[in-house]
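Colleague: I'd like to ask some things about the structure below.
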Amino acid sequence: EEHGKGDYPHYMLKEICEQPRVLAELLAGKISSGPAGLSLHLPPKVEAVLARARRLRIVGCGTSYHAGLLGKYRIEDLAGRPVEVEIASEFRYREPLLDPASDLLVALTQSGETADTLAALRMAREAGVPTLALVNVPGSTIAREADAVLFLEAGPEFGVAATKTFLAQIALLTLLALHLAPEERLAKKTGLSRQALLSEFLGIPGLLDKSLSLDSSIASLARELAAAPLVLFLGRGADYPLALEGALKFKEITYIHAEGYPGGELKHGPLALVEKETPVIALVSPDPRLLPKMVSNMQETLARGARQSAITARSAFEEMAPLVATELSLPDCSPLFFPILSSVPLQLLAYHTACARGLNVDRPRNLAKSVTVE
Ligand code: G6P
């Protein structure tokens, strides 16, 4: 039964619903209430590499690449370390300037078998660059070949569209950012101590139930989207990688064209796509620097007749109300954790839209769970 669909019609829905437990278990193994607070359980040799690495080079494909982008926002912001993120197939076919003295290659992969990600990892190793992999499948090639591994511990994922493993990836990258962040910088950036952030993090799995409880509102929005020719996902800051992931999930299983864009790029092209009734899904983290910027983007799309929805925090209700037809509101929390909550409605939106179109959610056409050949 562990590997069956149980009472769920699809693996994807089962895997979406498992997320509160997956996250709780992942955090329980890393965060303790004692003074040590956070331990990633990495070997001392790897901790030493992490401590001295001046630049992180993240590589991945598909959903894993989007998780990597979010990791960049978090690690650069909190830890003050430069992070480059690259699609593994691009990285491997150029000559990336690798520096064994300062770089750490971080490979993100659910399967641990993606051919391009493996090739990028091997390139780094050949250049003498230390490697860390975030992998879900124990015993996979990348898990065996990397110098150190952080396991996603999400359990087997059968739906072709990654869901719980994306959540585990962004949670682990957030932990890595917290691990690397100097206490003073953390306090300056978030207004909170590491201890306070860690204890808030432990409460996030409970809040995921609230994300899941948006299911029926999302299902009705999905019925509206089922006939749309295009859906536009917008976000700024860490919501931008989520917009990309929301659009990817959507096109993978609904076969509807979707674009993910940073709000600030709207005027540089995608605004031309917006006409009466164009669906726009805005991701709006409760980040006081970004919220007013997203509001003005949403005014621009509304003025062109967009049919807007916002995935936002309850406290942003007043700003959102005049702009949206559907508000999917989530509990308030530190902006650091908000993408974890908002990834769930994006998954449910893709899921219900695909169901409304009568599609095979778990096995989308032309796609494979693991791309082991080029
Ligand atoms: C395939 C899957 C995606 C996945 C990507 C990378 O395209 O369909 O869901 O994000 O491969 O896979 P990985 O196992 O390396 O994360």
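Colleague: What does the helix-only formula give at 222 nm for the chain: each DSSP H stretch with n ≥ 4 adding -39500 (n - 2.57), the total divided by the residues, and the result rounded to the nearest 500 deg cm²/dmol? Could you put the intermediate results ahead of the total?
Modeller: Numbers: 15 runs with 168 residues, N = 374.
Calculated from helices alone, the mean residue ellipticity at 222 nm is -13500 deg cm²/dmol.
Colleague: Among Lys249/Lys369; Lys30/Lys369; Lys164/Lys188; Lys14/Lys164; Lys189/Lys267, which pairs are too far apart, with a Cα-Cα distance over 21 Å? Before the final figure, lay out each step's value.
Modeller: On the way: Lys249/Lys369 13 Å; Lys30/Lys369 28 Å; Lys164/Lys188 31 Å; Lys14/Lys164 10 Å; Lys189/Lys267 29 Å.
Those over the limit are Lys30/Lys369; Lys164/Lys188; Lys189/Lys267.
Colleague: Show me the ranking of peptides 132-140, 205-213, 191-199 by mean Cβ neighbours inside 10 Å, starting with the highest.
Modeller: Values: 132-140: 21.1, 205-213: 17.3, 191-199: 15.4.
Answer by packing, highest mean first, reads 132-140, 205-213, 191-199.
Colleague: Could you line up Lys369, Lys164, Lys188 from fewest to most neighbouring Cβ atoms inside 10 Å? Mind showing how you got there, number by number?
Modeller: Working: Lys369 16, Lys164 29, Lys188 10.
By the 10 Å Cβ count, ascending, the order reads Lys188, Lys369, Lys164.
Colleague: Which residue, His179, His66, His268, has the most motion in a Gaussian network model of the chain that connects Cα atoms within less than 10 Å?
Modeller: In the Gaussian network model the winner is His268.
Values quoted throughout were computed directly from the atomic coordinates according to the rules given, and no laboratory measurement underlies them. Note that this is a predicted model, so its numbers are computed, not measured. Every residue, glycine among them, receives a Cβ derived from its backbone with ideal geometry; neighbour counts consider all protein chains shown.
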